[in-house]
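Shown next, in structure tokens, is the structure this report addresses.
The values are calculated or read from the model by the stated rules, or taken from the named source; none is laboratory data. Remember, predicted model here, so these are calculated numbers, not experimental data. A quick note on method: Cβ atoms are made from the backbone with ideal geometry, for glycine too, and the neighbour counts reach across all protein chains shown.
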Ligand code: FES
């Protein structure tokens, strides 16, 4: 479903942006241009970002394999 009509940004794209760590409207504005037109989508974009679940961060556990030692 297209959320930002001005820029043609879908909810799927917004969730993808959120997974990449773009968790605020300001961040997705910069990353994909959502909310940079009329601004009517800002509230819905913010809701999608809030509900997107945890971001995929760089793994800090060495890749998930069994611990050495
Ligand atoms: S619908 Fe997103 S800026 Fe207009």
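Just one of the numbered conditions (1) surrounded by fewer than 13 Cβ atoms within 10 Å (Cβ to Cβ); (2) at pLDDT 95 or above; (3) at negative phi is not true of residue 32: (1).
Would you pick out the residues in the range 43-69 that are in contact with a helix residue (DSSP H, G or I) (Cβ under 6 Å, 6 or more places away or on another chain) and modelled with pLDDT of 85 or more? Selection gives 45, 46, 48, 49, 52. Residues of the range 43-57 that are part of a helix (DSSP H, G or I) and either touching a strand residue (DSSP E or B) at 6+ places or on another chain (Cβ under 8 Å) or surrounded by fewer than 15 Cβ atoms within 10 Å (Cβ to Cβ) (or both): 43, 44, 45, 47, 48, 50.
If you filter the range 1-24 down to residues that are buried (at least 19 other Cβ atoms within 10 Å of the Cβ) and in a helix (DSSP H, G or I), you find that the one that is farthest from the ligand (Cβ to nearest atom) is 18.
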